Amino acid sequence: MALTGRAAVITGGSSGIGLAIANMLKREGAKVIIGDVQKPPSTDDSIMYCPCDVTKFKDLENLLHQSCKPYGHVSIWVNNAGIQSETRHRPFSNKAMMDTVRENVQKILSINLQAVIEGSKLAIRHMKDHGHGGSVINMSSLSAFIPLSNAPVYSATKAGVNQFTRAAGLHLGPENPIKVHAICPGFVDTPLISDMRQMIEHEVGEKLISADEIASAALELISPKDPNMQNGSIMKVYMKDGKLIKEVFDFPGAFRGKKVLFKDL
Ligand SMILES: NC(=O)c1ccc[n+]([C@@H]2O[C@H](COP(=O)([O-])OP(=O)(O)OC[C@H]3O[C@@H](n4cnc5c(N)ncnc54)[C@H](O)[C@@H]3O)[C@@H](O)[C@H]2O)c1
């Protein structure tokens, strides 16, 4: 088992993709701690639950603190919690952008982007302090590349997650034992899109991806086969002509060390 003895925190791990990642990491031998506003369906010796609203920094700190109590330190941190409330009651409505009220915009930004930034910083600082290295995985979305006209705020947060991940990876650098990556899934069969399930299959014309397939992608980023995978790189996972495609997306770095590589831009 590849992850025996490692402690892994997963935000939003009580449902959908987060729950699939929790179960997969458990099968690989990790001790899992789920931080979520709702309880997971079950807990046991290998899956602990800690109530956590990722928009509250104190909750994130407490999540880390509670995780360290039994396990000493955390070496895997998955910023997965996310919402898509623009369209929850209006699937594929292009009115979403004008309709989204300020409080809702604020909520989507706080959960989908700010909490990813705060969670990453907290985890990276902790991993540095413990000197064992580690892996931070940020859950983004294909909508960062192909914006959803019915979910402009959601799409913007995911583009932000990608750019933050790339910059954080460059900041840490290639030799750093702490790695940060993002995953950009297409449509995944989870409660997040349950209202839109049939419409997506009909309009997009592709099967939905299973949450387990995204969990496998997360595992590939935590234990990469390619030792030269760029720190900060992003994996797209999507269906094309009925086949699952996984594509690691590297990118030109604006700053590597002290050099500004304009020719790469
Ligand atoms: N389902 C898809 O098609 C899809 C596609 C691309 C990306 N994603 C991303 O995957 C991630 C997981 O989504 P999912 O599809 O599994 O959805 P989901 O609704 O099944 O799970 C989301 C989880 O996040 C938790 N959560 C929500 N707000 C929270 C908060 N403030 N603090 C802590 N936890 C909170 C929920 O309680 C839930 O358990 C999200 O970031 C989402 O944007 C999903």
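The values are calculated or read from the model by the stated rules, or taken from the named source; none is laboratory data. Since we're looking at a predicted model, the values are computed, not measured. A quick note on method: Cβ atoms are made from the backbone with ideal geometry, for glycine too, and the neighbour counts reach across all protein chains shown.
For this structure, a couple of remarks:
- Counting the residues of region 190-218 that are surrounded by fewer than 18 Cβ atoms within 10 Å (Cβ to Cβ) and either away from the ligand (no atom under 15 Å from the Cβ) or of a type in the set (Ser, Thr, Tyr) (or both) gives 5.
- From 149, 143, 155, 194, residue being of a type in the set (Gly, Ala, Ser), in contact with a Lys or Arg (Cβ under 8 Å, 6 or more places away or on another chain) and over 27 Å from residue 28 (Cβ atoms): 143
- Enumerated strands (runs of 3 or more DSSP E) restricted to region 160-265, each holding at least 3 residues that are at pLDDT 95 or above and more than 14 Å from the chain's Cα centre (by Cα): 243-249
- Inside region 8-49, residues that are surrounded by fewer than 23 Cβ atoms within 10 Å (Cβ to Cβ) and either among the charged types (D, E, K, R) or more than 10 Å from the ligand (Cβ to nearest atom) (or both) make up a count of 17.
- Among the residues making up region 124-162, a single one is among the basic types (Lys, Arg) and within 18 Å of residue 100 (Cα to Cα): 158.
- Note on region 150-160: among residues that are of a type outside the set (D, E, K, R) and under 15 Å from residue 187 (Cα atoms), the one that is nearest to the ligand (Cβ to nearest atom) is 154.
- Some residue of region 192-200 being among the β-branched types (Val, Ile, Thr) and without any contact (Cβ under 8 Å) to a residue 40 or more places away in the chain: yes
- In region 22-44, the residues that are free of Cβ contacts under 8 Å to residues at least 40 places away in the same chain and farther than 22 Å from residue 115 by Cα form Cβ pairs under 7 Å with partners that are among the aliphatic types (A, V, I, L, M) and crowded, with 17+ Cβ neighbours inside 10 Å, at six or more places apart or across chains, as follows: 26/32; 26/47; 29/3.
- Among residues that are polar (S, T, N, Q), more than 17 Å from the chain's Cα centre (by Cα) and more than 14 Å from the ligand (Cβ to nearest atom), residue 67 is included.
- Filter pass, residue 175 being acidic (Asp, Glu), surrounded by fewer than 18 Cβ atoms within 10 Å (Cβ to Cβ) and within 14 Å of the ligand (Cβ to nearest atom): no
- Any hit, region 126-138, residues being within 10 Å of the ligand (Cβ to nearest atom) and either at pLDDT 95 or above or in contact with a helix residue (DSSP H, G or I) (Cβ under 7 Å, 6 or more places away or on another chain) (or both): yes
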